[in-house]
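Visitor: Dumping the structure here so I can ask a few things about it.
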Amino acid sequence: MTTSKLEQATIETATDLKSIAQSPPVRNLSRLSLPEIEAVVDVTSQIIPAGNIPGMILSGLTRLGSQRLPQQTVQKHVTALFSALDFLFDQVTSSAILVAPAAVIWGYQNLLKLAGKDPESAFPDGIWQFYVDYALREDTARHVIETHGFDTLLQQHGIHLTELDRLTAWAMAAISIIHQYDGLLEIEWRERTCTSILRALAQSHPELAQYTNLYREWEIQRPYRRGAEAAGYDYPDYRRIKFEHFLQETTRGLPDDLRNEWQRRMREAERDLPAYQRQMSILAYLEPGQYGEMHVPYNFEQASIGIILRGNYYLLPVCAPGSDRPINAETVRAQIASLLTLPGAQPAPLAELARIKRSALPALFRKLSPSVTQELARLRFAPIIINADTRPANLPLTELRQAERGIGSHALTIFQTDSTAVFDQSHIFFDGILGAALAEIITNEALSWAVYLNTLPATRPAIQRLFSTLAFPLTPADREQIRSAPRVTAESGAESDKINLRACLNLRHYFKQRNDSLKLTVNDLLVLYRAMHAAKYQPSPELETKLKKLASDRATRAMAEQIKTAIDESRRQNPSMLIPMDASRHSPRDRLYPLSMEVPLAELDLLSLHERAIKTLNAYEGYKGERPALYAQFDEAQRTYLAALAGFGAIFDKLKEIAIQGESASVGAIKALAHIPPPLQRLLDQIPGRFELLNNVIKGREVFSNVGAVVPSSTLRRFVTAKDDNEQKQLVWGVITDADGVMRISLRDFRPHVAALQAIGRADLAHEITQDYLDSYVKGFNNYIFDLHRITLASRKTKPDR
């Protein structure tokens, strides 16, 4: 029944769309050939089987003379597609199906192509920015980063802050960043754009190859705090000066003609800077709609920082009274001293609201008491909220963030632990790399303020209060409405720091000694083994015992069987991983490009090749007699396996190149490499000619995000990445390597059993299942690296013949 109705809707969409797409008006406007039109119609009708709505939109697009579409028109069209698909799925299923935003937006892009419109002109802030407003709205779409620098450096210098000065330091850091954010965005944009233009120029001049990695050189030495000589500068100005000095030193040998061209292109590019600052500004709140978020900007005079203390919310303005200048530290200190004298009140209940689906909030707000919604409206003007209620630092980040944190309409919440600071960031405002950098910058600002505040004499509480208290007097009816509202997908989290990174780095060195074509990065190896782990995972004996106990209880027997079935089925599925790639170096407004990666385990027979290489190596090393024949068998297995790994690395490298550039480069160079096995030659044909950003979002079923190794001066420690609102994304991996060379991996688990176990009060077992899965991956990865060491280093000299 369901299938036939969907098929019927698809056919109706295709028929209607084809009749319009092949009409003379569209044929005259479209830049596509007739076969291309038919192909686009076919794929569009399958992506958005929305009856006659796509055809109506296409017809309307042909009547718009301009190439650049008004944003209101684009949003109106996309909303119409969402509504039509919602109606269809309500008709063909007994329960609501989440309409994938990536599919809708991708389908709309195809309609733009049919109408001869430039898809990029319809999305002036880039596809990714448009996408996140529709698809990374929920509480699960926030990523989390932790720093330890504030407490570590204060302790090293023997500075012991009072509660007053600690909170004042963080409040001043937040206020400073809000006022400096436009300047921070400018220098972020300038660093990327300036080096990107120079890299493009250098690519056409082989003698200037040293400039192709200029951004990475700057990234290594870029300051995240003001130096001792910078008392008269704010952080963005200080960083700008440092960057200008860096450019002067590194481009001394640049020919005058290229320097002039470089500067000319920069002047042209600077016209895009104000739009980028508007796009990325945190002086805006998110207004939730049924399908997406609307950014509502506001000015400094309206802005406050939110402070959560003893479970209550307070607002402190970021500007001095009657001006748009930052409020000074002495005033803030006196205000917070006054705040700390307030008696405790009933803690706020907003944590429950944070877990409600954003699409349900407009209807919920209409049902809540006016006094509650008025207070929620005031909270929207706090782009940064500081939760000053200290929590233990040993909690997983996914658990630590489950305290009061606003309701998700703002950019950033900062949590205090007993030894770290934790930054909970909206993906609509920040990507992982920008968010990590911002966490380090705010930490250093707070540290600077702490040192200054420690020199001041004691202060008295302010008599005239500038801060205001938010109260959320929920009635029983309000609480019932909140309880019955739809929730985001339940999750459990796990973390590990047991990866043997030193062994990985040694292996890469051995790879290079063995063959220059073996260029797998540490992240390549992590992704490769994720596919192997999925195929081989077995629960630990301890977890098996607990699952058997769950199965022995009649009330939970069916659930235990479902968990077992899901584990068994996961071994038969090669995970499709969505890997975020930093696009900002190529185009700051594009933010990131998602790369969808399926490791070609079956095509390359990687599991069997690995097992055969180990088996023949063990046979060779373990035999006591004459061994030439055994070595010959291992040598053949070794060569075949390492060639397959080299081929996988080359393909992965090319896919990353495509992702970072946003479009395909020629694959001819790869096809010419002799070491790539035939199965990989065939895979090359599947690399798209144009990088389909949203297609990759649709295909990825897991997220694997690695923010890389931090710079030596960094105090970043842990990282948890975001998940889009698509329920198909069930496992979300986050990786960071700290300044001490410790790699930390986090795993967010959204598999169906998590919600089922939490519903019966067994969140502990859900966590143990997630932790067991992560521990199994880490242990297996370390063993895999050890095996690769043995395989790579083994030679005829491993043991003398006897």
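The values are calculated or read from the model by the stated rules, or taken from the named source; none is laboratory data. Small disclaimer: the values here were computed from a predicted structure and weren't measured. Every residue, glycine as well, gets a Cβ built from its backbone with ideal geometry; the counts of neighbours run over all protein chains shown. Quick note on the areas: whole protein, heavy atoms, side chains included, nothing else; ligands and nucleic acids left out. Shrake-Rupley method; radii C 1.70, N 1.55, O 1.52, S 1.80 Å.
Visitor: Of everything in the range 1-58, what is assigned to a helix (DSSP H, G or I), of a type in the set (A, V, I, L, M, F, W, C) and open to solvent by 80 Å² or more (accessible area, probe 1.4 Å)? Give them in sequence order.
Guide: Hits for the range 1-58 are Ile11, Met56.
Visitor: Of everything in the range 526-567, what is among the aliphatic types (A, V, I, L, M) and either within 30 Å of the chain's Cα centre (by Cα) or assigned to a loop (DSSP other than H, G, I, E, B) (or both)? Give them in sequence order.
Guide: Leu526, Val527, Leu528, Ala531, Met532, Ala534, Ala535, Ala555, Ile563, Ala566, Ile567
Visitor: Check Pro396, Pro362, Pro343 and return the single one that is without any contact (Cβ under 8 Å) to a residue 60 or more places away in the chain and either touching a strand residue (DSSP E or B) at 6+ places or on another chain (Cβ under 8 Å) or open to solvent by 30 Å² or more (accessible area, probe 1.4 Å) (or both).
Guide: Details: Pro396 fails: without any contact (Cβ under 8 Å) to a residue 60 or more places away in the chain; Pro362 fails: without any contact (Cβ under 8 Å) to a residue 60 or more places away in the chain.
Answer to the check: Pro343.
Visitor: Next question. How many residues, within the range 182-199, are open to solvent by 20 Å² or more (accessible area, probe 1.4 Å) and aromatic (Phe, Trp, Tyr)?
Guide: Total meeting the criteria: 0.
Visitor: Just give me the residues in the range 63-81 being surrounded by fewer than 21 Cβ atoms within 10 Å (Cβ to Cβ) and assigned to a helix (DSSP H, G or I), in sequence order.
Guide: Hits for the range 63-81 are Gln71, Gln72, Thr73, Val74, Gln75, Lys76, Thr79, Ala80.
Visitor: Could you list all residues from the range 298-317 that are farther than 12 Å from Leu340 by Cα, in a strand (DSSP E or B) and out of contact with any helix residue (DSSP H, G or I) (no Cβ under 7 Å at 6 or more places or on another chain)?
Guide: If the condition is that a residue be farther than 12 Å from Leu340 by Cα, in a strand (DSSP E or B) and out of contact with any helix residue (DSSP H, G or I) (no Cβ under 7 Å at 6 or more places or on another chain), then Ser304, Pro317 are the ones that fit.
Visitor: If you check every pair at least six apart or on different chains, which have Cβ atoms under 8 Å apart with a residue in the range 247-258 that is within 12 Å of Cys194 (Cβ to Cβ) first and a residue that is open to solvent by less than 100 Å² (accessible area, probe 1.4 Å) and among the aliphatic types (A, V, I, L, M) second?
Guide: Thr250/Leu214; Thr251/Leu198
Visitor: Find all pairs meeting these conditions: Cβ atoms under 7 angstrom apart; at least six residues apart or on different chains; first residue within the range 373-386 and touching a residue at least 40 places away in the same chain (Cβ under 8 Å); second residue assigned to a helix (DSSP H, G or I) and open to solvent by less than 10 Å² (accessible area, probe 1.4 Å).
Guide: That search, which allows pairs on different chains as well, returns Pro383/Ile178; Ile384/Ala174; Ile384/Ile178; Ile386/Trp170; Ile386/Ala171; Ile386/Ala174.
Visitor: Are any residues in the range 470-483 of a type in the set (S, T, N, Q) and either modelled with pLDDT of 95 or more or closer than 26 Å to Thr152 by Cα (or both), and if so, which ones?
Guide: Start the filter on the range 470-483 by keeping residues that are of a type in the set (S, T, N, Q), which leaves 475, 481.
Hit for the range 470-483 is Gln481, nothing else.
Visitor: Also, quick follow-up: Considering only the range 459-500, state which residues are among the acidic types (Asp, Glu) and farther than 20 Å from Leu400 by Cβ.
Guide: Result: Asp478, Glu480.
Visitor: Here's something else I'd like to know. Can you find a residue in the range 581-598 that is open to solvent by less than 50 Å² (accessible area, probe 1.4 Å), under 30 Å from Phe429 (Cβ atoms) and part of a helix (DSSP H, G or I)?
Guide: Checked the range 581-598: at least one residue is open to solvent by less than 50 Å² (accessible area, probe 1.4 Å), under 30 Å from Phe429 (Cβ atoms) and part of a helix (DSSP H, G or I).
Visitor: Is there any pair linking a residue in the range 590-604 that is farther than 30 Å from Gln129 by Cβ to one that is modelled with pLDDT under 80 and open to solvent by 20 Å² or more (accessible area, probe 1.4 Å), with Cβ under 7 Å and at least six apart or on different chains, and which?
Guide: Pro600/Pro679; Pro600/Leu683; Glu603/Pro679; Glu603/Leu683; Leu604/Pro677; Leu604/Pro679
Visitor: Then there's this: Which one of Asn506, Asn523 is assigned to a helix (DSSP H, G or I), touching a residue at least 24 places away in the same chain (Cβ under 8 Å), buried (at least 16 other Cβ atoms within 10 Å of the Cβ) and among the polar types (S, T, N, Q)?
Guide: Asn523
Visitor: From the list Tyr211, Tyr215, Tyr238, Tyr233, which one is closer than 21 Å to Arg591 by Cβ and not basic (Lys, Arg)?
Guide: Numbers: Tyr211 fails: closer than 21 Å to Arg591 by Cβ; Tyr238 fails: closer than 21 Å to Arg591 by Cβ; Tyr233 fails: closer than 21 Å to Arg591 by Cβ.
Tyr215 is the lone residue from the list that is closer than 21 Å to Arg591 by Cβ and not basic (Lys, Arg).
Visitor: Which ones in the range 721-736 are of a type outside the set (Asp, Glu) and either within 12 Å of Ala141 (Cβ to Cβ) or surrounded by fewer than 24 Cβ atoms within 10 Å (Cβ to Cβ) (or both)?
Guide: Passing the criteria: Thr721, Ala722, Lys723, Asn726, Gln728, Lys729, Gln730, Leu731, Val732, Trp733, Val735.
Visitor: Has the range 643-662 got any residue that is open to solvent by 20 Å² or more (accessible area, probe 1.4 Å), over 20 Å from Leu525 (Cβ atoms), out of contact with any Cys (no Cβ under 7 Å at 6 or more places or on another chain) and modelled with pLDDT under 85?
Guide: Yes, the range 643-662 contains a residue that is open to solvent by 20 Å² or more (accessible area, probe 1.4 Å), over 20 Å from Leu525 (Cβ atoms), out of contact with any Cys (no Cβ under 7 Å at 6 or more places or on another chain) and modelled with pLDDT under 85.
Visitor: Next question, about the same structure. Go through the range 186-240 and count every residue that is under 25 Å from Phe150 (Cβ atoms) and not charged (D, E, K, R).
Guide: The number of residues fulfilling the criteria is 14.
Visitor: Collect the residues in the range 1-27 that are in contact (Cβ under 8 Å) with a residue 24 or more places away in the chain and within 17 Å of Thr62 (Cα to Cα), keeping them in residue-number order.
Guide: Result: Asp16, Leu17, Ser19, Ile20, Ala21, Pro25, Val26.
Visitor: Name the single residue that is surrounded by the most Cβ atoms within 10 Å (Cβ to Cβ) among those in the range 602-637 being under 37 Å from the mean Cα position of the chain (by Cα) and within 17 Å of Leu518 (Cα to Cα).
Guide: Per the criteria, the residue is Ala613.
Visitor: Give just the number: which of (1) surrounded by fewer than 16 Cβ atoms within 10 Å (Cβ to Cβ); (2) within 29 Å of Ser705 (Cα to Cα); (3) touching a residue at least 60 places away in the same chain (Cβ under 8 Å) does Glu163 not satisfy?
Guide: (2)
Visitor: Can you confirm whether the range 135-146 contains a residue that is outside any loop (DSSP other than H, G, I, E, B) and more than 25 Å from Ala436 (Cβ to Cβ)?
Guide: no
Visitor: Looking at (1) surrounded by 20 or more Cβ atoms within 10 Å (Cβ to Cβ); (2) within 27 Å of the chain's Cα centre (by Cα), which one does Asp418 not meet, given that it meets all the others?
Guide: With (1) surrounded by 20 or more Cβ atoms within 10 Å (Cβ to Cβ); (2) within 27 Å of the chain's Cα centre (by Cα) applied to Asp418, the lone miss is (1).
Each row is one residue, and each column tells you yes or no for (1) among the small types (Gly, Ala, Ser); (2) more than 16 Å from Arg487 (Cβ to Cβ); (3) open to solvent by less than 30 Å² (accessible area, probe 1.4 Å).
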residue	(1), (2), (3)
Ala329	yes, yes, yes
Leu339	no, yes, yes
Pro347	no, yes, no
Leu353	no, no, yes
Lys367	no, yes, no
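Visitor: Give the range 57-67 a look and list any residue that's within 35 Å of the chain's Cα centre (by Cα) and touching a residue at least 12 places away in the same chain (Cβ under 8 Å), or say none.
Guide: Within the range 57-67, Ile57, Leu58, Leu61, Gln67 meet the criteria.
Visitor: May I pose another question? Restricting to the range 99-143, count the residues that are open to solvent by less than 10 Å² (accessible area, probe 1.4 Å) and of a type in the set (Phe, Trp, Tyr).
Guide: Going through the range 99-143 one residue at a time, the tally reaches 3.
Visitor: Next up: Anything in the range 271-309 that is more than 30 Å from Pro321 (Cα to Cα) and open to solvent by 70 Å² or more (accessible area, probe 1.4 Å)? List them, or say none.
Guide: Within the range 271-309, Arg271, Asp272, Gln290 qualify.
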